[in-house]
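The structure under discussion appears below in the form of structure tokens.
The values are calculated or read from the model by the stated rules, or taken from the named source; none is laboratory data. Small disclaimer: the values here were computed from a predicted structure and weren't measured. Don't worry about glycine lacking a Cβ; one is built from the backbone with ideal geometry, like all the others, and counts go over all protein chains shown. To get the accessible areas, we keep the full protein, side chains included, count just its heavy atoms, and leave off ligands, DNA and RNA. Shrake-Rupley method; radii C 1.70, N 1.55, O 1.52, S 1.80 Å.
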Amino acid sequence: MNFTRSNALWKAANQALPGGVNSPVRAFKAVGGEPFFAESGQGAWITDADGNQYVDYVLSWGPLILGHAHPEVVARVHEALNRGASFGIPTESETRLAEKLVEHVPSIEKVRLVNSGTEATMSAIRLARAHTGRDICVKVEGCYHGHADGLLVKAGSGLTTFGTPTSPGVPEAYASCTLTIPFNDVEAVKSVFEAHGDNVACLIVEPVAGNMGVIPPEDGYLEELRRITQAHGSLLIFDEVMTGFRVSLGGAQAHYGVTPDLTCLGKVVGGGMPIGAYGGPADIMDQLSPAGPVYQAGTLSGNPLATAAGLATIEVIEQPGAFEAIEANMLQLTEELGRLAAEADVPIYQTQAGTMACAFFQEGPVHNYADATQSDTDRYARFFWGMLQRGVYIAPAQFEAMFYSAAHGDNVFDHTCTAAREAFKEAAG
Ligand SMILES: *Cc1c(COP(=O)(O)O)cnc(C)c1O
């Protein structure tokens with residue numbers, strides 16, 4: 001494979017953009033080496049700036065559940081763009097998308113559209129604080145909720161001590177409103193709420209963790225989160241920015257039958273355009289300005305292009321059998337990947353939820369962030385490059401999900417398995 005043009009573009013990018021990118025993981029630092037530049041995408045495939053082609057299992061980090069440039073999404077965005085890119089006054093498609101979210105996501109009666117997942121979580125937490133009149137936010141280690149100040153926090157010295165910033169520029173004072181607990185650990189939730197429960201505004205969690213690899217909740221974990229937060233008058237926030245319309249159409253909450261107070265969405269609901277959303281019961285959501293006193297606004301919020309792409313995506317994926325077909329194809333492929341890893345004597349621990357999957361390069365089991373970090377990331381990096389050089393693009397970091405789309409069927413099965421057979425051998429080396 002030739003990367004001449006990508007390499008030249010990478011040099012130019014590093015002159016103009018910090019680290020060459022607009023979001024850190026794109027720089028491929030976790031696997032070493034330089035990123036390729038995307039030129040175009042069609043269905044399951046990306047073509048790069050040198051004309052190389054890859055089956056794409058990253059899918060813009062989740063949003064593209066229909067694959068690249070799905071004809072329905074392209075047509076609807078064109079149509080919207082021809083009518084004008086933005087108005088800053090109400091448009092019908094905002095309501096239509098909101099209605100879809102209300103229809104599918106059990107906890108949502110009303111929803112506010114924003115421009116990113118980051119905006120959704122930070123606004124949902126503000127609303128939770130306003131609603132409860134409390135300041136503390138409990139966060140789960142290894143879950144990612146975007147880059148808002150109060151969420152760039154890791155655990156303090158003990159379970160019930162306040163967090164410390166994970167990035168320069170985050171004031172200690174912000175971190176001191178955040179408590180961090182491990183995933184899948186009911187005892188930790190109990191201790192934190194015993195110590196601080198009356199001051200906890202909210203607990204925010206990815207109901208299926210997707211940003212430390214994919215880690216599903218253990219039996220009863222989400223139910224306990226629901227019970228304990230309720231007992232203390234704290235709000236439970238499910239960050240379903242990744243899992244919404246991915247673990248099931250109604251997100252992880254529909255799949256596991258546990259209803260949070262507030263839900264954050266993003267990624268799939270924008271069909272590849274910038275979007276975020278947060279919603280919940282009408283009485284809580286109506287505390288938002290202008291219905292209520294909690295301020296939150298956005299010049300481009302509910303943008304007609306983003307709502308057109310999101311609506312088109314949901315209308316295709318909600319067709320009977322469409323979602324299940326993706327799951328079935330994914331299961332078939334992950335099973336084969338497991339077999340190929342075993343054949344090459346590479347221990348992997350596979351996890352899966354809906355249309356997202358992960359292979360931790362270790363024996364497992366993986367219940368939480370500490371377990372996830374036991375993975376052999378050097379081996380993962382060798383596997384990554386082995387796949388890339390054979391035309392398969394998986395996440396350029398171990399602690400990410402592998403995403404599937406409606407365009408990933410028999411058409412990509414053999415190509416992916418042929419690459420994986422060799423890449424696992426190289427990873428073993
Ligand atoms: C991607 C993601 C976010 C952040 O969304 P952005 O649109 O990147 O700001 C928040 N929470 C979860 C669970 C995510 O996966």
Matching residues in the range 363-386 - criterion: being closer than 22 Å to Asp56 by Cβ and under 22 Å from the mean Cα position of the chain (by Cα)
Thr377, Tyr380, Ala381, Phe384
Report the residue count in the range 53-68 for those that are closer than 16 Å to Val247 by Cα and within 13 Å of the ligand (Cβ to nearest atom).
5
Which of the numbered conditions does Asn7 fail, given that it passes all the others? Conditions: (1) open to solvent by less than 20 Å² (accessible area, probe 1.4 Å); (2) not in a strand (DSSP E or B).
(1)
Per the filter on the range 197-213, residues open to solvent by 10 Å² or more (accessible area, probe 1.4 Å) and within 9 Å of the ligand (Cβ to nearest atom) are Asn211
Hits in the range 332-348 - residues which are closer than 19 Å to Val366 by Cα and either of a type outside the set (Asp, Glu) or in contact with a helix residue (DSSP H, G or I) (Cβ under 7 Å, 6 or more places away or on another chain) (or both)
Thr334, Leu337, Gly338, Ala341, Ala342, Val346, Pro347, Ile348
What do you reckon, is Gln389 assigned by TED's automatic domain parsing to the domain that holds Val31, among the polar types (S, T, N, Q), under 23 Å from Met212 (Cβ atoms) and open to solvent by 10 Å² or more (accessible area, probe 1.4 Å)?
no
Quick one: what pairs do we get from the range 121-136, first residue basic (Lys, Arg), second crowded, with 23+ Cβ neighbours inside 10 Å and assigned to a helix (DSSP H, G or I), C-beta under 9 Å, 6+ apart or different chains?
Arg134/Ala128
Restricted to the range 73-94 and to residues being free of Cβ contacts under 8 Å to residues at least 40 places away in the same chain and aliphatic (A, V, I, L, M), the residue surrounded by the fewest Cβ atoms within 10 Å (Cβ to Cβ) is Ile89
For the range 106-126, does any single residue satisfy the condition of being away from the ligand (no atom under 16 Å from the Cβ), under 23 Å from Ile314 (Cβ atoms) and either at pLDDT below 95 or of a type in the set (D, E, K, R) (or both)?
yes
Filtering the range 157-183 for residues that are open to solvent by less than 20 Å² (accessible area, probe 1.4 Å) and assigned to a loop (DSSP other than H, G, I, E, B) leaves a count of 3
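Residues checked against (1) more than 18 Å from the chain's Cα centre (by Cα); (2) among the hydroxyl-bearing types (Ser, Thr, Tyr); (3) surrounded by 21 or more Cβ atoms within 10 Å (Cβ to Cβ); (4) modelled with pLDDT of 95 or more:
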site: Ala254; (1), (2), (3), (4): no, no, no, yes
site: Val269; (1), (2), (3), (4): no, no, yes, yes
site: Pro274; (1), (2), (3), (4): no, no, no, yes
site: Gly279; (1), (2), (3), (4): no, no, yes, yes
site: Ala291; (1), (2), (3), (4): yes, no, no, yes
site: Ile348; (1), (2), (3), (4): yes, no, yes, yes
Regarding the range 196-203, can at least one residue be identified that is assigned by TED's automatic domain parsing to the domain that holds Arg226, under 18 Å from Asn368 (Cβ atoms) and touching a residue at least 24 places away in the same chain (Cβ under 8 Å)?
yes
Is it the case that Ala69 is within 11 Å of Ala309 (Cα to Cα) and touching a Gly at 6+ places or on another chain (Cβ under 7 Å)?
yes
Run Ile125 past the list (1) within 29 Å of Thr180 (Cβ to Cβ); (2) open to solvent by 70 Å² or more (accessible area, probe 1.4 Å) and report the number of the one that doesn't hold.
(2)
Inspect all residues belonging to the range 136-147 and state whether any of them is within 12 Å of the ligand (Cβ to nearest atom), among the aromatic types (Phe, Trp, Tyr) and open to solvent by 50 Å² or more (accessible area, probe 1.4 Å).
yes
The lone exception for Val102 - which of (1) in a loop (DSSP other than H, G, I, E, B); (2) within 21 Å of the chain's Cα centre (by Cα); (3) away from the ligand (no atom under 16 Å from the Cβ) it fails
(1)
Does Pro90 satisfy the condition of being in contact with a helix residue (DSSP H, G or I) (Cβ under 6 Å, 6 or more places away or on another chain), part of a loop (DSSP other than H, G, I, E, B) and assigned by TED's automatic domain parsing to the domain that holds Leu262?
no
All but one of (1) touching a helix residue (DSSP H, G or I) at 6+ places or on another chain (Cβ under 7 Å); (2) at pLDDT 95 or above hold for Asn199, so report the exception by its number.
(1)
